[in-house]
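S.K.: I'd like to ask some things about the structure below.
Rule-based calculations on the coordinates, nothing more; no lab input. Keep in mind the model is a prediction, meaning the values are calculated, not measured. Every residue, glycine among them, receives a Cβ derived from its backbone with ideal geometry; neighbour counts consider all protein chains shown.
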Amino acid sequence: MAYLYNTPQDQQAMLEAIGCDSIDALFDSIPESLRLQRPLKLPAAMGEMELTSHLAALSEKNRSPADTLCFLGGGSYDHFVPAVVDYVASRGEFYTSYTPYQPEVSQGNLQAMFEYQTMISELTGMDVSNQSLYDGGSAAVEGVLMSLDVTRRRGRVLVAESVHPEYRQVVDTYFASLETEVVTLPCPAGTLDLSALEAQLTDDTACLLLQHPNFFGCLEEVHEIVDKVHAAGSLLVTVIDPVSLGLLERPGDYGADVVVGEGQSLGTPMQYGGPYLGLMACREKFVRRLPGRIAGETRDRRGKRCWVLTLQTREQHIRRDKATSNICTNQGLFALRASVYLAAMGPQGMREVAELCLQKTAYARQRLGDLERLEIAFDRPVFKEFVLRDRENAVEQLCAVAEEAGIFAGVPLGRWYPDLSDCLLVAVTEKRTRPEIERLVDFVSVQAPCGVTHAE
């Protein structure tokens, strides 16, 4: 992008154009008592060469999966991104575009939206998908809010404790000022307690928010759960890992009503936690309650194939009291990345990635679980993540020493689950090789309490 210097002459011309004699005159409306009255405490200006060196030194403080062996998970994963994803997403017509306020002149973007929606619907087994939300957390709460409108039940919503804790925090924040009660259901063995679910399903329960595979990597008993939820007249809102659907039964096939999730694993790098992509799909009968936008296919007056914004339930497009949500934009660029990724992988590629994740996770789980220091916390089937308990109860220290050794060993769970303060969540994607897994095993095997090795 070209850099255009704003000269003093340019500034003076702009001031004259708006009828001001100085920049200070622009701030006359701000009372003196509210002004800083001193220069900002900023370091002296640098030349371009010095500034470039300074920024390079700052960037070297960062650690990423590119230079550190990564077993991090919990919603952000080190999956392989094919080169074609970066190539297409970096094209100017996509990279610089924003909301198509005149959609009929944005045919390329609308077609990309339509293709994205089609592939997400096929992947999840649902009838319709919107054109993305902000991230997995916002998608989860939108699914819950949607269930209130569909069922017209406002009394309570149920949330499994095995749902991503940050997603649950978003739900709690949204409902803090509403009368609807949010009830968290226990998952003592790593999955939802079905007896607790039955006890909490009442006539005023709008939905159950469930994650499958869940935050601990465990597979939930989805068929039993959906039967109990539907028998109570409630909806099942399922949080999914899209990569898992290369192998696992699609949520639309086991009876989920609304599907949400984080789309980062579909072609977006971890990039320090975001921005990411919120997935959302549902049954066709709920489509008018679906937040955001939906692109559709039609024919123009000449009979040629074209695309339009079929539904626009945003408050920017319709009366605020008729809007389904205050979601005012979407993650179009990351939805595009997901579209390119899914198109490049195809059904067979998605299956192969899922199989690699499953097999490598099983190997790593067995090897790490056999170590004297660690044990497997939950004896449940898992997909690409699992929880290990540290018998030394020094998870934070173990992770810190591992990072010094160039390994992101996993995510300590104590920050969200006090009763799991001695546990570590480990993720294994298709990128991890056997030598890399053995490197983590060898590292842990020589660790004594508080990061002191046996060799020392």
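S.K.: Taking the highest mean first, how do the peptides 182-189, 80-87, 21-28 order by number of other beta carbon atoms within 10 angstrom per residue?
M.R.: So the order, starting with the most tightly packed, is 182-189, 80-87, 21-28.
S.K.: Could you work out how much longer the chain between Tyr87 and Leu4 gets when fully extended? Use 0.36 nm per residue separation minus the Cα distance between them, nm to one decimal.
M.R.: Fully extending the segment from Tyr87 to Leu4 adds 27.2 nm.
S.K.: If you don't mind, another one. Could you give the length gained by full extension between Arg439 and Gln366, i.e. 0.36 nm per residue of separation minus their alpha carbon distance, to one decimal place?
M.R.: Full extension of this stretch gives 24.8 nm more.
S.K.: Let me check against my output: what whole-number percent is the relative contact order of the chain, with C-alpha pairs under 8 Å and at least 6 apart?
M.R.: 19
S.K.: Whose amide H sits under 5 Å from the amide H of Glu181, counting only residues 5 or more places off or on another chain, with H placed in the peptide plane?
M.R.: Those qualifying (amide H under 5 Å, at least 5 residues apart or on another chain) are Arg156, Val157.
S.K.: Please turn the phi angles of the range 73-86 into ³J(HN,Hα) values with the Karplus equation 6.51 cos²θ - 1.76 cosθ + 1.60 (θ = phi - 60°), one per residue in order, whole Hz, x for glycine and proline.
M.R.: Residue by residue, the range 73-86 yields x, x, x, 9, 10, 8, 8, 6, 10, x, 4, 5, 5, 5 Hz.
S.K.: Could you sort 55-62, 414-421 so that the peptide with the highest average Cβ count within 10 Å comes first and the rest follow in order?
M.R.: Descending mean neighbour count gives 414-421, 55-62.
S.K.: Need the list of aspartates and glutamates near Lys61 for cross-linking: C-alpha distance under 15 angstrom, and skip anything on the same chain fewer than eight residues off.
M.R.: Here the aspartates and glutamates satisfying the reach criterion relative to Lys61 are Glu403, Glu404.
S.K.: Only bridges with both residues in the range 84-342 count here: give the DSSP antiparallel percent, nearest 5.
M.R.: 45
S.K.: Shape of the chain from its Cα gyration tensor (a ≥ b ≥ c, root eigenvalues): rounded if a/c is under 1.5, otherwise prolate when a/b > b/c, or oblate?
M.R.: oblate
S.K.: Once Rh is set to the Kirkwood radius over Cα pairs, what Stokes-Einstein translational diffusion coefficient, in µm²/s, holds for the range 84-342 at a temperature of 10 °C and a viscosity of 1.306 mPa s?
M.R.: 85
S.K.: Let me ask something additional. Quick one: Karplus J couplings for the range 233-238, per residue in order, coefficients 6.51, -1.76, 1.60, θ = phi - 60°, nearest Hz, x for Gly and Pro?
M.R.: With the stated coefficients, the range 233-238 comes to x, 9, 9, 9, 9, 9 Hz.
S.K.: List the residues whose amide H sits under 5 Å from the amide H of Ala160, counting only those 5 or more places along or on another chain, with H placed 1.01 Å from N in the peptide plane.
M.R.: Amide H neighbours of Ala160: Leu185, Leu209.
S.K.: May I pose another question? When you count, for each residue, the other Cβ atoms within 10 Å and take the mean per peptide, how do 340-351, 270-281 rank with the highest first?
M.R.: Ranking the peptides 340-351, 270-281 by packing returns 270-281, 340-351.
S.K.: For Lys360, Lys384, which order do you get if you count the other beta carbons within 10 Å of each Cβ and list the fewest first?
M.R.: Listed from fewest to most nearby Cβ atoms, that is Lys360, Lys384.
S.K.: Just to confirm my numbers, what's the Cα centroid distance between the range 393-435 and the range 132-161 in Å?
M.R.: What the calculation gives is 30 Å, centre to centre.
S.K.: Would you list, by chain and number, the lysines whose Cα falls below 18 Å from the Cα of Lys360, excluding same-chain residues fewer than 8 positions away?
M.R.: Cross-link targets: Lys384, Lys431.
S.K.: Same structure again: Straight-line reach from Lys228: which lysines have Cα under 24 Å away, leaving out those fewer than 8 places along the same chain?
M.R.: Lys285
S.K.: Hey, another quick one. Using amide H atoms built 1.01 Å from N in the peptide plane, name the residues 5+ places from Met126, or on other chains, whose amide H lies under 5 Å from its own.
M.R.: Gly252
S.K.: Next question. By DSSP, what percent of the beta bridges with both residues in the chain are antiparallel, rounded to the nearest 5?
M.R.: Antiparallel bridges: around 55 percent, rounded to the nearest 5.
S.K.: Report the full-extension gain for the segment Arg415 to Glu32: residue separation times 0.36 nm, less the Cα-Cα distance, to one decimal in nm.
M.R.: 133.4 nm
S.K.: A further question follows. Using the Cα centre as the reference, give the magnitude of the dipole from point charges on the C-beta atoms of the range 84-342 (Lys, Arg: +1; Asp, Glu: -1; all else neutral), rounded to the nearest 20 debye.
M.R.: With only Lys, Arg, Asp and Glu charged at Cβ, the dipole is about 1340 debye.
S.K.: Further, regarding this structure: Distance in nm between label sites at Arg63 and Gln200, each 7 Å beyond Cα in the beta-carbon direction?
M.R.: Between Arg63 and Gln200, the simple spin-label model gives 3.6 nm.
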